[in-house]
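Trainee: Here you go, one structure.
The values are calculated or read from the model by the stated rules, or taken from the named source; none is laboratory data. This is a predicted model, so every value here is computed, not measured. Backbone-built Cβ (ideal geometry, glycine too); neighbour counts: all protein chains shown.
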Amino acid sequence: MQHLDPELLSLLALDESVGDDASLEHLRACGECAAEYAALRRAVHAVRTTPDTSSLEAPGPRVWAGIHRELGLSGAVAQDPLASQAITRGATPMTLHEGTRGTVPSQAASLRPDRPAWFRRPVTWLAAAAAVVLLAGGVFWSLNTDPRPVASAELAPLAQYSATGTARVVESRDGSRSLEIRINRDEAQGYQEVWLIAPDLSKLVSLGVMNSETGTFQIPAGLDLAAYPIVDVSDEPVDGNPAHSSDSIVRGTLAA
């Protein structure tokens with residue numbers, strides 16, 4: 001599945017009238033893109049919310065330098081935005097439609113033409129502006145706060161099945177890993193079980209039962225994903241046998 005370009009998602013989060021009907025339909029149907037869009041919308045909402053900074057000490061320039069380095073921003077925004085009141089005070093806020101998180105926007109917001117070119121670039125603006133909000137609250141924004149994706153796979157149907165889906169491995173800051181799975185339909189006659197399998201299909205590890213079209217499963221600590229790269233969702237009969245039924249619904253191979 002070809003996901004939406006991050007630049008397009010950023011423009012949609014800013015309520016820009018961009019994207020054709022196929023792109024908007026993909027956003028409605030794709031959980032991964034919808035989640036990314038919702039996160040961008042939360043960043044926009046955070047920028048529009050003025051925090052109470054009356055009792056907080058302004059962070060030093062090293063904080064912004066660290067954020068600038070982590071985000072990989074350009075030299076055009078190297079200066080600490082809190083060093084100048086032009087960004088945090090007196091600027092006319094952008095008009096953004098709140099809408100429902102995760103839904104497709106229907107109207108566009110206009111950007112002020114007198115703002116510099118880097119500010120009109122949505123990806124840079126969202127990253128920098130969200131960081132400014134967190135700075136104003138006295139918080140250092142680390143990219144490692146949320147789980148980060150480390151591998152993903154497209155899940156294709158086997159045998160008589162037609163379901164498709166996606167899987168990705170995310171790693172938390174503490175090093176724990178989870179497998180997130182989404183399929184477009186539940187075709188199991190019994191119940192769905194999620195497995196990680198060796199390339200030659202000789203060894204496998206069960207991660208648990210998947211009761212719906214989505215699921216998140218903890219990966220055992222120390223399990224080498226290179227030795228178990230195949231993600232498999234099987235149709236298991238309710239027979240008390242813990243072994244794989246040999247009846248797989250979808251399957252795919254993880255890649256970094």
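Trainee: Identify all residues within segment 163-175 that are within 17 Å of residue 210 (Cβ to Cβ) and either touching a residue at least 24 places away in the same chain (Cβ under 8 Å) or not assigned by TED's automatic domain parsing to the domain that holds residue 187 (or both); write none if there are none.
Mentor: Within segment 163-175, 163, 164, 165, 166, 167, 168, 169 qualify.
Trainee: How many residues does segment 211-226 hold that are farther than 17 Å from residue 32 by Cβ and part of a loop (DSSP other than H, G, I, E, B)? Even if it seems obvious, please write down each step before you answer.
Mentor: At the first step, the residues of segment 211-226 found to be farther than 17 Å from residue 32 by Cβ are 211, 218-226.
Pick out the ones that are also part of a loop (DSSP other than H, G, I, E, B) and you get 211, 220-226.
Counting residues in segment 211-226 that are farther than 17 Å from residue 32 by Cβ and part of a loop (DSSP other than H, G, I, E, B) gives 8.
Trainee: Return the residues of segment 156-167 that are buried (at least 18 other Cβ atoms within 10 Å of the Cβ) and in contact with a Pro (Cβ under 8 Å, 6 or more places away or on another chain); say none if nothing qualifies.
Mentor: Selection gives 163 alone.
Trainee: Filter segment 186-196 for residues that are in contact with a Gly (Cβ under 9 Å, 6 or more places away or on another chain) and either charged (D, E, K, R) or not assigned by TED's automatic domain parsing to the domain that holds residue 224 (or both) and give the result.
Mentor: 193
Trainee: Right, something else. Among the residues of segment 173-212, which ones are loosely packed, with under 14 Cβ neighbours inside 10 Å and in contact with a Lys or Arg (Cβ under 7 Å, 6 or more places away or on another chain)?
Mentor: none
Trainee: Out of the residues in segment 1-29 meeting the condition of being in a loop (DSSP other than H, G, I, E, B) and touching a Phe, Trp or Tyr at 6+ places or on another chain (Cβ under 9 Å), tell me which one is nearest to residue 44 (Cα to Cα). Give the derivation first.
Mentor: Pass one, segment 1-29, residues in a loop (DSSP other than H, G, I, E, B): 1-5, 14-20.
Filter once more, keeping what is touching a Phe, Trp or Tyr at 6+ places or on another chain (Cβ under 9 Å): 4, 14.
Values: 4: 19, 14: 7 Å.
Result: 14.
Trainee: Moving on to the next point. If we keep just the residues of segment 164-194 that are among the charged types (D, E, K, R) and out of contact with any Leu (no Cβ under 9 Å at 6 or more places or on another chain), which is modelled with the highest pLDDT?
Mentor: Per the stated criteria, the residue is 180.
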